[in-house]
Amino acid sequence: MAQEQRLELRLSQKLILTPQLQQSIKLLQLPLLELSQDINQELMNNPMLEEGLERETEEKVETPEMASEEETFQEQSDDSETPLEKIFGFTTNSYFEERESDGRDLGYFQESSEDVQSFFERNRKKIDLYEHLLWQLRLSHISEAAGKAAEIIINNLNEDGYLQASLEEIAKNAETGMETVEEALAFVQKLDPSGVGARNLQECLLLQLSPLKLKGTLVENILMNGFPELEGKKYKQLAIKFKTSIDDILAAVKIIEGLEPRPGRNYSSDEPVHIIPDVYVEESDGNFIITLNDEGIPRLRLSNYYRKLLANKNSLGPEEKQFLEEKLRSAIWLLKSLDQRNKTIYRVTESIMKFQEDFFRKGHKYLKPLNLKDIAEDMGMHESTISRVTSNKYIQCPQGLLSFRFFFSNAVSSEEGDISSSTVKDLIKKIVSEENPQKPINDKKIVDILKEKGINVARRTAAKYRDEMKIPSHIKRKKWF
């Protein structure tokens, strides 16, 4: 069959996300810290945007050069329309005045205060595990080949201090033999902290026995020859296996529990993450007040200098004018997107509070089942929008600092009607915390206790909730002493 070229016209419908719409979606799902960084980046890239003063009463600071340049462009063109009206059909003043008409505090435009860190807080640096081990290596007497292999070993340790690469891979990278690599590994495993360089938990614990002078004791015997029974807390089997009393086994186990399973964690360079709430909810005279957090968010405004420059037809060439008009469109869209973001977060918070009013007034016990579809239908929006709003955002309320996703949970049947799965998890956690550590209750007993409270869940469901809360099984929770 012969091939030929021809032109065809076809009509089709496609959903195309413009760069402006993509930016709006991106801003909607950004948490507070990332939003601040994104805005600061835009401030550097867009000359039409500038950061407003902290107080409107402060006088405008100008240099003589800026004042003289601005006077040069005081004469406006004969065209009565301003650049904003000409390009967009409205002024920013009229647009942003409307957003304040309902009296709600949407944040972002309010004054922000910056936390002042002390000199020592800004310059404090915690040494990490790699630097600590490398420092010891540099001060040690070791052959050049073994030292090179030891450095490669140190580079292949994870944050807990465990070796992640095989000895064969290290030998290949170091271009040396296995004997040299084994010598280097033995050297690293003698460094501080004790237990570093191990390839598994068993080896890590065994490495810590020599500094404690526990070599050749029952503790070492249990770790070397009875580790599976130790993990399963089968202490009676260990007593039979090593022909000793259960008391001696329990005394050895108590020493083992005092060892460090993660020797590198004290040298972790990870700084603690402080969660900043996106929304504050406070109760006053029986009513709840919603305030968006704008701390650290720059107060943006359009640059009057560049607006006047753009308004004067004779002051700019075609390329300069086109550049400023594009930046002006970008600035206006950013301001509108930020305003829309704040309004959407505010409305989502209002909707959540409407569904979860009993929770905000009475506490965790009154949390109701809720899903994204309920909020979407209440607001007349798509579920994906609600998902973006509630992702990685937090709300500070009388019940504490909570994630937006905390308020969304599945329904569990009870005698009083459907209750939230989060409420059931809290009950399971309370039941476990009140149990006898020497006689922990199993999942079936937990189900029976919940049934007595009028909550019907399957044993499999109770086990799933327990696993989600990282609560071990009753066998691993048992305390022998």
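Before moving on, here are some points about what is shown:
- Counted residues, the stretch 44-62 - those being modelled with pLDDT of 80 or more, of a type in the set (A, V, I, L, M, F, W, C) and surrounded by fewer than 15 Cβ atoms within 10 Å (Cβ to Cβ): 1
- Listed by first and then second residue, the pairs with beta-carbon distance under 7 Å, at least 6 apart or on different chains, first residue in the stretch 295-324 and among the acidic types (Asp, Glu), second in a loop (DSSP other than H, G, I, E, B) and exposed (fewer than 15 other Cβ atoms within 10 Å of the Cβ), are GLU295/SER113.
- Picking from residues in the stretch 291-319 that are polar (S, T, N, Q) and out of contact with any Pro (no Cβ under 9 Å at 6 or more places or on another chain), the one that is farthest from PRO277 (Cα to Cα) is ASN314.
- Entirely in the stretch 372-481, the helices (runs of 4 or more DSSP H) that have 1 or more residues that are within 21 Å of PHE360 (Cβ to Cβ): 372-379, 383-390, 421-433
- TYR366, sole failed condition from (1) within 22 Å of the chain's Cα centre (by Cα); (2) of a type in the set (Phe, Trp, Tyr); (3) surrounded by fewer than 19 Cβ atoms within 10 Å (Cβ to Cβ): (1)
- Tabulated pairs, the stretch 462-480, first of a type in the set (Phe, Trp, Tyr), second surrounded by 18 or more Cβ atoms within 10 Å (Cβ to Cβ), C-beta under 6 angstrom, 6+ apart or interchain: TYR465/LYS425; TYR465/ILE428
- Of the residues making up the stretch 164-189, those that are over 17 Å from ASN266 (Cα atoms) and not in a helix (DSSP H, G or I) are GLN164, ALA165, SER166, GLU175, THR176, GLY177.
- Consider the stretch 371-415 and keep the residues that are touching a residue at least 24 places away in the same chain (Cβ under 8 Å) and of a type in the set (Asp, Glu). The one that is nearest to THR461 (Cα to Cα) is GLU415.
- Residues in the stretch 9-41 that are at pLDDT 80 or above and not in a helix (DSSP H, G or I): 5 in all.
- Where a residue in the stretch 432-459 is modelled with pLDDT of 85 or more and its partner, wherever it lies, is of a type in the set (Gly, Ala, Ser) and part of a helix (DSSP H, G or I), with Cβ under 6 Å and at least six apart: ASP443/ALA462; ASP443/ALA463; ILE446/ALA462; VAL447/ALA462
- Residues in the stretch 190-205 that are surrounded by fewer than 21 Cβ atoms within 10 Å (Cβ to Cβ), assigned to a helix (DSSP H, G or I) and touching a residue at least 12 places away in the same chain (Cβ under 8 Å): LEU201, GLN202.
- Among (1) closer than 29 Å to VAL412 by Cβ; (2) modelled with pLDDT of 90 or more; (3) in contact with a strand residue (DSSP E or B) (Cβ under 6 Å, 6 or more places away or on another chain), the one test that THR291 misses: (1)
The values are calculated or read from the model by the stated rules, or taken from the named source; none is laboratory data. Just so it is clear, the structure is predicted and the values come from calculations on it, not from any experiment. Counting neighbours? That spans all protein chains shown, and the Cβs are built from the backbone with ideal geometry, glycine included.
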